[in-house]
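The values are calculated or read from the model by the stated rules, or taken from the named source; none is laboratory data. Not measured: the values here are computed from a predicted model. So basically every Cβ, Gly included, is an ideal-geometry build from the backbone, and we count neighbours across all protein chains shown. The protein model used for the area step is the full one, side chains on, heavy atoms only, and it has no ligands, DNA or RNA in it. Shrake-Rupley method; radii C 1.70, N 1.55, O 1.52, S 1.80 Å.
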Amino acid sequence: MLYWLTLLSDGGDFFNLFRYITFRAGGAFLTALVFGFIFGRPLIAVLRRTQGKGQPIREDGPEGHFVKAGTPTMGGLLIVGALLTSTLLWARLDNPYVWMVLFVTMSFAAIGFADDYAKVSKQNTAGVSSKVRILLGLLISVIAGFWASMYHPEALQYRLAMPVFKDTLINMGYFFIPFAVIVIVGAANAVNLTDGLDGLAIMPVMIAAATLGVIAYVVGRVDFTDGLGLHYVPGTGEMLVFTMGLIGGGLGFLWYNAPPAAVFMGDTGSLALGGALGAIAVAAKHEIVFAVVGGVFVAEAMSVMIQVLYFKRTGKRVFLMAPIHHHYEKKGWAEPQIVIRFWIISLILAMIGLATLKVR
């Protein structure tokens, strides 16, 4: 919205700053951060008052989690609210990728909100039917896949770009849409599975968002793509504004989610943020790099799939408990130890992801 202030510029004044994505990204970060600090405590107070007993704790979960009973959930509303406000203020609203990613984010947030509300109101961990969640997620992701493909350059439409082997484009045809669905739905559910310890999910989400934001900014500038041998995707630079808003909102949330958490993100936040990351990766044609950058989320999701499949076949378990962060809890690792080590892994994976921009 504030981009339109450039209409008041003569080219050399203050209003000209709003032309620059980096300036508006900084504005989005500060706006979301202030939003989080201002509305965080009042939101938590409202959630405590309306939810009563707070988020139900799984009876088969780690014993140490029962002390968290009574902690309110739906804290993702703070992140989503900060992100939405900052993006609408600072991003170019004539950019189709901005609206595509906002559509995915808000749609998954709505699914998560319904799920959180069902859990809190019924005081059990069942929530919305998994079939309903999956079907809605598939529908949202199919729309997003076509939406992104419609605005990709013709040479990149329905094609999979490979990292490192930058001249390689795999023409997937309409099979690219199911692939995009896997990326978006997979990311949403993987982040949701990761959100099991105080502060565990939000920091890797912010690290992945920062990485994808830089990548989207780079591939959206033809001078950078020519120099690095990357595929130029015009318009994706605006994703940096979105991701900086996400980081600002995430930091505001982490202020209250740091151990011991005053509020949980809930499915409202985890599904929304995971879906957003997947949508950005699809828009910027860096889906495979996202799998590396989001390696923590991949590991969490894979641990659940391996555990379920192996148990069905053998009646035995690979891990003491899944997702994998619970396995380490069962092994006696302290919660902060697990969280910080997963943060470190996320930083390492982010650096590897950024390194692919340079490698030829």
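Which is the longest run of the chain containing none of the GluC sites (Glu not before Pro) found in DSSP loop states (not H, G, I, E, B) with at most 10 other C-beta atoms within 10 Å? Provide the component values of the computation, followed by the final result.
On the way: sites that count: Glu59, Glu154.
It works out to 155-360.
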Once you have all Cα-Cα distances for segment 123-230, histogram them in 10 Å bins from zero and send the whole-percent values. 12, 33, 35, 16, 4, 1
To test your reading of the geometry: what angle, between 0 and 90 degrees and rounded to tens, separates the Cα axis of helix 176-194 from the longest principal axis of the chain? 40
At most 16 other Cβ within 10 Å, DSSP loop - chymotrypsin sites (Phe, Trp or Tyr not before Pro), segment 5-34: Tyr20
Within segment 178-201, which residues have the backbone N less than 16 Å from the label spot 7 Å out from Ile143 along Cα→beta-carbon, could you tell me? 181, 184-185
Please compute the Kirkwood hydrodynamic radius over segment 305-356, one decimal place, Å, based on all pairs of different Cα atoms. 12.7
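Evaluate the relative contact order of segment 88-157 (contact order divided by residue number), counting alpha-carbon pairs under 8 angstrom at least 6 apart; express in whole percent. Don't jump to the answer; show the numbers that get you there.
Numbers: 32 pairs, mean separation 22.3, N = 70.
Answer for segment 88-157 is 32 percent.
Once you keep just the Cα pairs under 8 angstrom separated by 6 or more residues, what percentage relative contact order results for the chain? Intermediate results must be reported in sequence, preceding the final value.
Details: 645 pairs, mean separation 90.9, N = 360.
Relative contact order for the chain comes out at 25 percent.
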Using all alpha carbons of segment 175-313, what is the percent of pairwise distances in each 10 Å bin, ordered from the shortest bin to the longest? 12, 39, 32, 13, 3, 0
Report, by chain and number, residues whose modeled amide H sits under 5 Å from the one on Met172, excluding near sequence neighbours (fewer than 5 apart, same chain). Arg159, Leu160
In the set (i) 86, 39, 38; (ii) 61, 47, 35; (iii) 68, 59, 32, which value of Cα extents along the principal axes in Å was calculated from the structure you see? (ii)
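When the chain is fully extended, how far beyond the present Cα-Cα distance does Ala258 get from Tyr151, taking 0.36 nm per residue of separation? Working shown, then result.
On the way: separation 107, 0.36 × 107 = 38.52 nm, distance 3.95 nm.
34.6 nm is the gain from fully extending Ala258 to Tyr151.
Go through Lys330, Lys166 and list them by solvent-accessible area, largest first, probe radius 1.4 Å. Please report the intermediate quantities before stating the final value.
Details: Lys330 85, Lys166 20 Å².
Most to least solvent-accessible, the answer reads Lys330, Lys166.
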Taking the inverse of the average 1/r across all pairs of different Cα atoms in segment 1-155, what Kirkwood radius in Å do you get? 18.5
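Using 30 Å as the Cα-Cα cut-off, could you pick out the over-long pairs in Lys331/Lys358; Lys122/Lys316; Lys119/Lys330? Present the calculation step by step, with values, prior to reporting the outcome.
Details: Lys331/Lys358 39 Å; Lys122/Lys316 32 Å; Lys119/Lys330 25 Å.
Exceeds cut-off: Lys331/Lys358; Lys122/Lys316.
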Treating only Lys and Arg (+1) and Asp and Glu (-1) as charged, each at its beta carbon, one finds that the chain has a dipole about its Cα centre, in Debye to the nearest 20, of 860
Evaluate E = 1/(1 + (r/R0)^6) for Ile345 and Phe15, where r is the Cβ-Cβ distance and R0 equals 35 Å; express this FRET efficiency to the nearest 0.05. 0.25
With Cα atoms, 0 to 90° folded angle of helix 295-314 axis to the chain main axis: 40
Taking the dipole of the chain about the Cα centre (Lys, Arg +1; Asp, Glu -1; charges at Cβ), the one of Gly245, Phe264, Ala28 that reaches farthest to the positive side is Phe264
Taking Rh as the Kirkwood radius, which is the inverse of the mean 1/r over Cα pairs, what is the Rg/Rh value for segment 112-180? 1.23
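Rounded to the nearest 0.05, what FRET efficiency is calculated for Leu30 and Ala355 with R0 set to 41 Å and r the Cβ-Cβ distance?
Numbers: r = 29 Å, r/R0 = 0.71.
Taking R0 as 41 Å, the efficiency between Leu30 and Ala355 is 0.90.
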If one takes the longest principal axis of the Cα atoms in the chain, at what angle in degrees, from 0 to 90 and to the nearest 10, does the Cα axis of helix 21-51 lie? 20
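To the nearest µm²/s, what D does Stokes-Einstein give for segment 78-143 at 4 °C and 1.567 mPa s, using the Kirkwood radius over alpha carbon pairs as Rh?
On the way: Rh = 13.3 Å.
Rounded to a whole number, D works out at 98 µm²/s.
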Simple spin-label estimate for Leu228 and Ala45 in nanometres, 7 Å along Cα-Cβ: 4.5
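Using +1 on the beta carbon of Lys and Arg, -1 on that of Asp and Glu, and nothing else charged, what's the dipole of segment 250-347 about the Cα centre, debye to 20? Don't skip to the answer; put the middle values down first.
On the way: 8 positive and 5 negative charges, 98 e Å.
Value, rounded to 20: 460 debye.
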